[in-house]
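The values are calculated or read from the model by the stated rules, or taken from the named source; none is laboratory data. All values derive from a computational prediction rather than experimental measurement. Every residue, glycine among them, receives a Cβ derived from its backbone with ideal geometry; neighbour counts consider all protein chains shown.
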Amino acid sequence: MSSELRRAARLVVNSPAVCESIGQVPMTLHPNLAAVFKRVEADASTIGKRFPAVVRDLSTNGAFISGPTIPLLSRVAIKFEVRGIGPIDAVGWVLWQRTDDCELPSESGSVMLPKGFGVLFESIPLETRGQIAALVAKQ
């Protein structure tokens, strides 16, 4: 039985990236709408923080980024390149984080999981999503 529970198939990559914590665009709502409208707010504590990282795996929906962690629900811009696709600019939300490296036992000894965070893409070109899906299908 596979331990892989993700919904989207992943492409293993090792692509240097530049990440930047960005905020949300402010919204001005009519008072009637503002009274009944609820929105998830991005964490603003690290806005403007820019740092190098590595994209370790990639799907059409998101990616795992190893490197410094940023708070959950941060909105992040990521620039990286994937062989067979080219440069990728994406925006996403940090939905989970691993605050330190973690060693797990496995049948062959152990597996080291690096520190980093998981991003759900908010914005990535449709053509790029299609290219990622095609590369995943070739695996």
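What are the residues in the range 105-131 that are under 23 Å from Ile70 (Cα atoms) and of a type in the set (A, V, I, L, M), if any? First the steps, then the outcome.
Residues of the range 105-131 under 23 Å from Ile70 (Cα atoms): 112-124.
Within the range 105-131, Met112, Leu113, Val119, Leu120, Ile124 meet the criteria.
Please go through the range 45-71 and pick out each residue that is under 13 Å from Val119 (Cβ atoms) and touching a Phe, Trp or Tyr at 6+ places or on another chain (Cβ under 7 Å).
Residues satisfying the conditions are Val55, Arg56, Asp57, Asn61, Gly62, Ile65, Gly67, Thr69, Ile70.
Can you pull out every residue in the range 21-34 that is under 26 Å from Val55 (Cα atoms) and either in contact (Cβ under 8 Å) with a residue 12 or more places away in the chain or of a type in the set (Phe, Trp, Tyr) (or both)? Let's see the steps before the verdict.
Going through the range 21-34, the residues under 26 Å from Val55 (Cα atoms) turn out to be 21-25.
Passing the criteria: Ser21, Ile22, Gly23, Gln24.
Given the criteria modelled with pLDDT of 95 or more and either within 13 Å of the chain's Cα centre (by Cα) or closer than 21 Å to Thr128 by Cβ (or both), does Ser45 qualify? So that I can check it myself, show each step before the final result.
Details: modelled with pLDDT of 95 or more: yes; either within 13 Å of the chain's Cα centre (by Cα) or closer than 21 Å to Thr128 by Cβ (or both): no.
No, not satisfied.
Out of the strands (runs of 3 or more DSSP E) lying entirely within the range 65-139, which hold 1 or more residues that are closer than 21 Å to Lys49 by Cα?
Values: elements: 75-82, 86-98, 102-106, 109-113, 116-123.
Counting at least 1 such residues, we get 75-82, 86-98, 116-123.
For (1) closer than 22 Å to Val12 by Cβ; (2) in contact with a Ser or Thr (Cβ under 9 Å, 6 or more places away or on another chain); (3) surrounded by fewer than 17 Cβ atoms within 10 Å (Cβ to Cβ); (4) of a type outside the set (A, V, I, L, M), each residue gets a yes or a no:
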site	(1), (2), (3), (4)
Thr46	no, yes, no, yes
Ile65	yes, no, no, no
Ser74	no, yes, no, yes
Asp89	yes, yes, yes, yes
Arg98	yes, yes, yes, yes
Leu104	yes, yes, yes, no
Met112	yes, no, yes, no
Phe117	yes, yes, no, yes
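Name the single residue that is farthest from Val40 (Cα to Cα) among those in the range 98-139 being free of Cβ contacts under 8 Å to residues at least 12 places away in the same chain and among the polar types (S, T, N, Q).
Per the stated criteria, the residue is Ser108.
Of the conditions (1) exposed (fewer than 14 other Cβ atoms within 10 Å of the Cβ); (2) assigned to a loop (DSSP other than H, G, I, E, B), Asn14 satisfies every one except a single condition; which number is it?
Of everything listed in (1) exposed (fewer than 14 other Cβ atoms within 10 Å of the Cβ); (2) assigned to a loop (DSSP other than H, G, I, E, B), Asn14 misses just condition (2).
I'd like to check something: does the range 13-20 contain any residue that is more than 28 Å from Ile132 (Cα to Cα) and either in contact with an Asp or Glu (Cβ under 6 Å, 6 or more places away or on another chain) or touching a residue at least 24 places away in the same chain (Cβ under 8 Å) (or both)?
Step one: filter the range 13-20 for residues more than 28 Å from Ile132 (Cα to Cα), giving none.
Checked the range 13-20: no residue is more than 28 Å from Ile132 (Cα to Cα) and either in contact with an Asp or Glu (Cβ under 6 Å, 6 or more places away or on another chain) or touching a residue at least 24 places away in the same chain (Cβ under 8 Å) (or both).
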